[in-house]
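Peer 1: Shown below is the structure under consideration.
The values are calculated or read from the model by the stated rules, or taken from the named source; none is laboratory data. Please read these numbers as outputs of a predicted model, since none were measured by experiment. Cβ placement follows ideal geometry from the backbone for every residue including glycine, while neighbour counts extend to all protein chains displayed.
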Amino acid sequence: MTKPPEDSGISRREFLRGAAGVAGSLAVGSLVGPELAAAIPRRRLAPTKVVFMGQELTKDLITEFEAAHPNISLEVLNWDSGRFQAMMAAGQPPDVWRTQAPLVPQWASRGQLLDLDPYFKASDLIHPADLTPANDYYRYKGGKIGVGPRYGMVKDWSPDETVWVRTDLFRRTGIDVPGPTDRWTYDDLWEIALKLKKKNPSLKWILDVANSYTWIDRHVMVQLASIGKSLYPKDFSRINLTKNPAAMEAFRYSFRYAQRKMALGPENPNKNGWSGPDFIAGKVAMTQYGYWFLGMHTGQAKASANSRLLTAPIWKGGKRLDPTITATGWVISGKTSNPDAAWTLFEWYMGGKPARDRAGIGWGVPAQLSLFDRLPTQTAVQRNAKKTLLHELPTSKVTLQFNPNLIGLEDNTAVASAYLKYIGTAAKGKLSFEDFMKKVEADTNRAIEVGKRG
Amino acid sequence: MTVAAEAAPVRRRRRRTPMQFALRRALDALVLVLAVVFLAPIVWGFLGSLREVYAGLTGPAIPSPAHWDNYSYAWSGEFAFSHYLWNTVVLTLIATVPAVMTSALAGYAFARLRARGRNTFFIFVLGTTFIPVAVVFIPFFWVVVKLGMYSTRWPWLIWGISGSAYLIFLFRQFYASFPTELDDAAAIDGCGHLRTFLHVYLPNSAAPLAVAFMLLGTGWWGEYIYATLLLPDQLVPLGVKINVGYYDPGQQFTLVPVTLAASILFMLPPILAFFALQKKLARGIVTTGVKG
Amino acid sequence: MATAETSLAGIAAKPIRRASFRRRETSAFYGFLSPWLLGFVVLTSVPLVLAFAMSFSNLTTVNLHTNLRYVGTDNYVRAYHDHEMWYSMQRTVILMVTLVPLWIVTQLALAMILDAGIRFLGLWRTIFYLAVVIPAVSKAFIWKAIADPDGGLVNRIVRVLGGRGDTDWLLDHPTGTLIALLVWGGAGVGMLIFLAGLKSIPQELYEVARIDGASAIRRFTSITLPLLTPVIMFQLVWGLVGAANVYVEPILLSSGLQQGLGSSVPVENVTFNLYALQRIFGDGDFGYGAAIAWIFVLFLLIVTALVFWSGRFWVFYGREQHGR
């Protein structure tokens, strides 16, 4: 078999599995070292099966795990939300599954997750004191995220609102590129975007806003949090949008990019459905992806030489705060019949060799501070990304409160789904911004009502 | 072509005018074009299954050299193909064999037995086919869960035992056209209804049985959604596994040629069954007939 | 020929009545029907009633034992305001009105060609029928190979003909691609049924028409079509039900990491059935899904009732008087 060509188009969803895949293939050949001994369970477990649903466990990782844990067999299911719901409804959910921060409260508040505190306390591989603050998105108690027991842990995270820019596109049009740790605001970003568009009219996408809007609500939530405002009242009983001037202003800011055909979304689509490959190819000037996108630069010499990660812009009148919005990780089911075996898998993947391998490839920031010295620094872009990351790190702390009434399984919550549904019509001017927001508000409130009943 | 000779309609020989001769040729050409259109997808899928593993679908139309090793990778590379093939066989058999039997029995009852409520029930049988999948599947899912049959093959057996409305209709049509003299002979011999059915009707039902096995069997062979929603990984049929696709060891790229090779392997058993049964199949549909 | 003819008229055949049989007939009838009756109860009646009850509840995947309660007509009110539901109904209607005529025309055309005394009949019949036996998953992968923007068969042909050939058919024309798949995969059975219908038309009628000097078109419109109307009615009803129930193929044709009901099916291909299943197994919202599924039952009921009612104006039941 020949190697796959480097410029193969990867779909966005295929890409979302990226981190795991690369980690898996890098791990091949160097496995079963003495370190693995640490991962072998101390007490003998009855032969048992652990069901995992998610993408990151490659065949190599499964073999590696089963070789080190002969008492546990792994059943890995591809992510399929229909199957997940059926398993949930039947009272037989997967033992462990992959998720993102905004989805955790819905399960935690309904008693569907296993409290992992006792396991963390007893663990030799993972020490709570070593965990980065992003892991606190998997803590939940009494309607509040960031406190109480740990229900899971990030497999990797990122200050997602930091901005990748193509320096070659900037220079070609004579615009100064901000430095990797320069303080800048969303107004600066808008000015730069306008200039880029003006001086380079053939450029189809200037800025990818919030991962093609799939994270639009989290994006706005960070902006609002920096000025002490929120999308939701304390009890999360509704979304405050059209009567919330701060929220309207934040949404209007993002909407302006769509109106001018500068963003990437249903109103101005590309073939891949996400901006990654086009950014690497130099067809997108800026994308607000965060540190994990560094992984995409591996082996891409031209992109690596012309790409720079900038700090998260600051919302006007706001203060700097943690720009983390995804925090992809794992949780363990509260209904698992083999909590110990499930934990063994969890602990091995999160604290064993796979975690160390992952830390070195740039697809996301490790969950443990002790793994930071493994961050890649061979190329200039890797060193730049690390610098920006360390600049953002002091702000790291749970700042967002996701709505536990918004239930769902996809990356985009009801708000983003509604936004994506109407943005095309609104950007064409067939729907005024106020009516657009009214529709998003109505759709979201219906979703919240459903969540409240359940 | 014995099949052609056998099934060609008997028509009076007529002398052909040049116009009619031209029409014949045009018809031959048309049928050839249509055959190419109908076969092209299958041939294209087959050609795709022989391409270089990372090439996707690019390259010359006819891949050279042909990568037959895609088939061995499809068989053993990603998962135990034979294990899931066996699952598919089991699910198909337990859902199809009882269904064909009970449908034939019910079709016979509707065609030959007089009883109060017969017509009402026949309307119910036809009515069930109009009920959308979603409506019955949602609550049926809960029934399955409540009965402890989630992640077992029992639902397939239930689907099997309860038969199929379409097949009941088919058998009813077939048995309604059966010569009644057979009944009389059986009655004189002192046969009960069940024995009449088993000894007189069933042995003479090869054609509709072939139709029934083929129609229902191919349906269950490729069934996909129920299996993903109800079965654990070790019991799912091949379709569920193949649909995930084949990936390179780093899980970054779909190996399109291998996935196509698996699709071809997956469709071989029903195609072979179809070739084996096709004579009876054509006759079965012809003789069972349809009336709205 | 004789068999086919008797079978079509055979519905009218009455079972013989003999004293020794009649006593046991009723019990035998219900005995023979019992497996189906069991299925009817477990698979249809109980689920239908349960679905109806569910549609007035807040049932989700996680609240069966904690917070299940009656919510009145909430789900139906929500459905009324749900644009996506109405859009999915619109897409289903579009599928029904495009697929059914396409099916009937293709099936009838193939049947007529096969009935025209063509050579190698068995071979052609096999080829046209072959797609029916291919499992849906294989069909979908084959279709993806045809519709692929770079190496797909369609774009290669377009390029040979001088076009640009860079259309991503599954993305740019999802419904057209889906319809093409369904026509290809669904023509075979109907073709055989039409063929049976054509063979049951007495040849004498055509002979008489020829002697009277009727043109081929005239023979088709005056003899073939009217005598086929019962078969057309049958195919129309089955076609409408089949088209309304399309939901697996859109899932299998969608690409991406997600499988099954969670896969990102383009909105144009989210049929009503699929939309209901997505609400249930995508969102875990059983109550709402049951409500829209029931709306779908009513919709299908009305459509099929209308079709049956329309039959009195165009279906020709006067076959017997033309019999031999």
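Peer 1: Being closer than 27 Å to residue A:63 by Cα, in a strand (DSSP E or B) and not aromatic (Phe, Trp, Tyr) is the requirement here; does residue A:332 meet it?
Peer 2: Details: closer than 27 Å to residue A:63 by Cα: yes; in a strand (DSSP E or B): yes; not aromatic (Phe, Trp, Tyr): yes.
In short, yes.
Peer 1: Shifting gears a bit: When you check residue A:123 against the structure, is it touching a helix residue (DSSP H, G or I) at 6+ places or on another chain (Cβ under 7 Å) and farther than 29 Å from residue A:295 by Cα, yes or no?
Peer 2: On the way: touching a helix residue (DSSP H, G or I) at 6+ places or on another chain (Cβ under 7 Å): yes; farther than 29 Å from residue A:295 by Cα: yes.
Against the criterion (touching a helix residue (DSSP H, G or I) at 6+ places or on another chain (Cβ under 7 Å) and farther than 29 Å from residue A:295 by Cα), residue A:123 qualifies.
Peer 1: What number goes with the only condition from (1) more than 7 Å from chain B (Cβ to nearest Cβ); (2) at pLDDT 90 or above that residue C:45 does not pass?
Peer 2: Just one mismatch for residue C:45, condition (2).
Peer 1: Follow-up. With (1) buried (at least 19 other Cβ atoms within 10 Å of the Cβ); (2) modelled with pLDDT of 90 or more; (3) on the phi < 0 side of the Ramachandran plot; (4) not β-branched (Val, Ile, Thr) as the list, and residue A:283 as the residue in question, which single condition is left unmet?
Peer 2: Against the list (1) buried (at least 19 other Cβ atoms within 10 Å of the Cβ); (2) modelled with pLDDT of 90 or more; (3) on the phi < 0 side of the Ramachandran plot; (4) not β-branched (Val, Ile, Thr), residue A:283 comes up short only on (1).
Peer 1: Now for a separate question. Are any of the residues in segment C:153-163 surrounded by 21 or more Cβ atoms within 10 Å (Cβ to Cβ) and either at the interface with chain B (Cβ under 10 Å from one of its Cβ atoms) or farther than 26 Å from residue B:270 by Cα (or both)?
Peer 2: Quick first cut of segment C:153-163, residues surrounded by 21 or more Cβ atoms within 10 Å (Cβ to Cβ) only: C:153, C:155.
Filter once more, keeping what is either at the interface with chain B (Cβ under 10 Å from one of its Cβ atoms) or farther than 26 Å from residue B:270 by Cα (or both): C:153, C:155.
Scanning segment C:153-163 turns up at least one residue that is surrounded by 21 or more Cβ atoms within 10 Å (Cβ to Cβ) and either at the interface with chain B (Cβ under 10 Å from one of its Cβ atoms) or farther than 26 Å from residue B:270 by Cα (or both).
Peer 1: Take the residues in segment A:190-215 that are touching a Leu at 6+ places or on another chain (Cβ under 8 Å) and in a helix (DSSP H, G or I); name whichever of them is surrounded by the fewest Cβ atoms within 10 Å (Cβ to Cβ). Talk me through it step by step, then tell me what you get.
Peer 2: Step one: list which residues in segment A:190-215 are touching a Leu at 6+ places or on another chain (Cβ under 8 Å), which gives A:193, A:196-197, A:200, A:203, A:205-209, A:212-214.
Those left that are additionally in a helix (DSSP H, G or I): A:193, A:196-197.
Details: A:193: 20, A:196: 23, A:197: 18.
Top of the filtered list is A:197.
Peer 1: Another question, then. Report, by residue number, each residue of segment B:244-266 that is over 17 Å from residue B:80 (Cα atoms) and part of a helix (DSSP H, G or I).
Peer 2: B:256, B:257
Peer 1: For segment A:275-290, enumerate the residues that are under 20 Å from residue A:158 (Cα atoms) and out of contact with any Pro (no Cβ under 6 Å at 6 or more places or on another chain). Don't jump to the end; show me each part of the working.
Peer 2: First, the residues of segment A:275-290 that are under 20 Å from residue A:158 (Cα atoms): A:275-277, A:279-280, A:286-290.
Residues satisfying the conditions are A:275, A:276, A:277, A:279, A:280, A:286, A:287, A:288, A:289.
Peer 1: I want to confirm something. Restricting to segment A:245-274 and keeping residues that are farther than 26 Å from residue A:225 by Cβ and of a type in the set (D, E, K, R), which single residue is surrounded by the most Cβ atoms within 10 Å (Cβ to Cβ)? I'd like the intermediate steps shown before the answer.
Peer 2: First, pick out the residues of segment A:245-274 that are farther than 26 Å from residue A:225 by Cβ: A:260-261, A:266-273.
Still in the running and of a type in the set (D, E, K, R): A:260-261, A:267, A:271.
Details: A:260: 15, A:261: 13, A:267: 18, A:271: 12.
Applying the filter and picking the extreme gives A:267.
Peer 1: Let me ask something else. Any idea which residue in segment A:419-437 is surrounded by the most Cβ atoms within 10 Å (Cβ to Cβ), counting only those that are within 13 Å of another protein chain (Cβ to nearest Cβ) and over 20 Å from the mean Cα position of the chain (by Cα)? Lay out the reasoning, then the answer.
Peer 2: Within segment A:419-437, the subset within 13 Å of another protein chain (Cβ to nearest Cβ) is A:420-422, A:424-425, A:431.
Okay, now just the ones that are also over 20 Å from the mean Cα position of the chain (by Cα), so A:421-422, A:424-425, A:431.
Numbers: A:421: 18, A:422: 20, A:424: 16, A:425: 15, A:431: 17.
Looking at the filtered set, the residue picked out is A:422.
Peer 1: A follow-up question, please. In segment B:212-257, which residues are out of contact with any strand residue (DSSP E or B) (no Cβ under 9 Å at 6 or more places or on another chain), under 22 Å from residue B:50 (Cα atoms) and buried (at least 23 other Cβ atoms within 10 Å of the Cβ)?
Peer 2: B:238, B:239, B:241, B:242, B:243, B:256, B:257 - these are the residues of segment B:212-257 that are out of contact with any strand residue (DSSP E or B) (no Cβ under 9 Å at 6 or more places or on another chain), under 22 Å from residue B:50 (Cα atoms) and buried (at least 23 other Cβ atoms within 10 Å of the Cβ).
Peer 1: With B:39, B:27, B:23, B:57 as the choices, which residue is over 20 Å from residue C:151 (Cβ atoms), within 7 Å of chain C (Cβ to nearest Cβ) and surrounded by 12 or more Cβ atoms within 10 Å (Cβ to Cβ)?
Peer 2: B:27
Peer 1: State which residue is nearest to the other protein chains (Cβ to nearest Cβ) when the search covers only segment A:62-105 and only residues that are of a type in the set (S, T, N, Q) and touching a Leu at 6+ places or on another chain (Cβ under 7 Å). Spell out how you get there, then give the answer.
Peer 2: Pass one, segment A:62-105, residues of a type in the set (S, T, N, Q): A:63, A:71, A:73, A:78, A:81, A:85, A:92, A:99-100.
Right, trim to touching a Leu at 6+ places or on another chain (Cβ under 7 Å) and you get A:71, A:81.
On the way: A:71: 18, A:81: 3 Å.
Among those residues, the one meeting the criterion is A:81.
Peer 1: Considering only residues of segment B:176-208 that are out of contact with any Ser or Thr (no Cβ under 6 Å at 6 or more places or on another chain) and crowded, with 20+ Cβ neighbours inside 10 Å, which is nearest to residue B:102 (Cα to Cα)? Even if it seems obvious, please write down each step before you answer.
Peer 2: First, the residues of segment B:176-208 that are out of contact with any Ser or Thr (no Cβ under 6 Å at 6 or more places or on another chain): B:176, B:178-185, B:187-206.
Next cut, crowded, with 20+ Cβ neighbours inside 10 Å only: B:176, B:178, B:183, B:193, B:196-197, B:201, B:205.
Values: B:176: 17, B:178: 19, B:183: 20, B:193: 15, B:196: 15, B:197: 12, B:201: 14, B:205: 14 Å.
Out of the qualifying residues, it is B:197.
Peer 1: Test residue A:95 against the stated conditions and say whether it is in contact with a helix residue (DSSP H, G or I) (Cβ under 7 Å, 6 or more places away or on another chain) and not basic (Lys, Arg). Spell out how you get there, then give the answer.
Peer 2: Working: in contact with a helix residue (DSSP H, G or I) (Cβ under 7 Å, 6 or more places away or on another chain): yes; not basic (Lys, Arg): yes.
Yes, satisfied.
Peer 1: Still on this structure, I have one more. Name the one entry in C:129, C:206 that is within 11 Å of another protein chain (Cβ to nearest Cβ), of a type in the set (Ser, Thr, Tyr), crowded, with 22+ Cβ neighbours inside 10 Å and assigned to a helix (DSSP H, G or I).
Peer 2: Working: C:206 fails: crowded, with 22+ Cβ neighbours inside 10 Å.
Result of the check over C:129, C:206: C:129.
To keep it simple, each residue is scored yes or no on (1) over 26 Å from residue B:207 (Cβ atoms); (2) outside any helix (DSSP H, G or I); (3) touching a residue at least 60 places away in the same chain (Cβ under 8 Å); (4) of a type in the set (A, V, I, L, M).
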residue	(1), (2), (3), (4)
B:64	yes, yes, no, no
B:72	yes, no, no, no
B:75	yes, no, yes, no
B:84	yes, no, yes, no
B:92	no, no, yes, no
B:100	no, no, yes, yes
B:103	no, no, yes, no
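Peer 1: Picking from B:120, B:152, B:129, which residue would you name as being facing another protein chain (nearest Cβ under 8 Å) and either crowded, with 18+ Cβ neighbours inside 10 Å or not hydrophobic (A, V, I, L, M, F, W, C) (or both)? Give the derivation first.
Peer 2: On the way: B:120 fails: facing another protein chain (nearest Cβ under 8 Å); B:152 fails: facing another protein chain (nearest Cβ under 8 Å).
Just a single option satisfies the conditions, and that option is B:129.
Peer 1: Then there is this: Would you mind telling me which numbered condition in (1) closer than 30 Å to residue A:168 by Cβ; (2) part of a loop (DSSP other than H, G, I, E, B) residue A:253 fails?
Peer 2: Evaluating residue A:253 over (1) closer than 30 Å to residue A:168 by Cβ; (2) part of a loop (DSSP other than H, G, I, E, B) leaves (2) as the failure.
Peer 1: Also, I was wondering about something else. For residue A:362, are the conditions met, namely being assigned to a loop (DSSP other than H, G, I, E, B) and touching a Leu at 6+ places or on another chain (Cβ under 6 Å)?
Peer 2: The answer is yes for residue A:362.
Peer 1: In segment C:219-324, which helices (runs of 4 or more DSSP H) lie fully inside it and hold 3 or more residues that are more than 18 Å from the chain's Cα centre (by Cα) and modelled with pLDDT of 90 or more? First the steps, then the outcome.
Peer 2: Details: elements: C:225-244, C:248-253, C:272-281, C:286-314, C:319-322.
Passing ranges, in order: C:286-314.
Peer 1: Go through B:47, B:23, B:34 for me and flag whichever is closer than 30 Å to residue C:195 by Cα, in a helix (DSSP H, G or I) and at pLDDT 85 or above. Lay out the reasoning, then the answer.
Peer 2: Working: B:47 fails: closer than 30 Å to residue C:195 by Cα; B:23 fails: at pLDDT 85 or above.
Answer to the check: B:34.
Peer 1: Any chance segment A:293-306 includes a residue that's in contact with a strand residue (DSSP E or B) (Cβ under 8 Å, 6 or more places away or on another chain) and among the β-branched types (Val, Ile, Thr)?
Peer 2: no
Peer 1: Look at residue A:175 and say whether it is free of Cβ contacts under 8 Å to residues at least 40 places away in the same chain, part of a loop (DSSP other than H, G, I, E, B) and surrounded by 15 or more Cβ atoms within 10 Å (Cβ to Cβ). Steps first, answer last, please.
Peer 2: On the way: free of Cβ contacts under 8 Å to residues at least 40 places away in the same chain: yes; part of a loop (DSSP other than H, G, I, E, B): yes; surrounded by 15 or more Cβ atoms within 10 Å (Cβ to Cβ): yes.
Here the answer is yes, as residue A:175 does meet what is asked.
Peer 1: Taking only segment B:159-188 into account, find how many residues are aliphatic (A, V, I, L, M) and at pLDDT 75 or above. Can you show your working first?
Peer 2: We begin by selecting, within segment B:159-188, every residue aliphatic (A, V, I, L, M); these are B:161, B:165, B:167-168, B:170, B:176, B:182, B:185-188.
This time we only want the ones that are at pLDDT 75 or above, so: B:161, B:165, B:167-168, B:170, B:176.
Total satisfying the criteria: 6.
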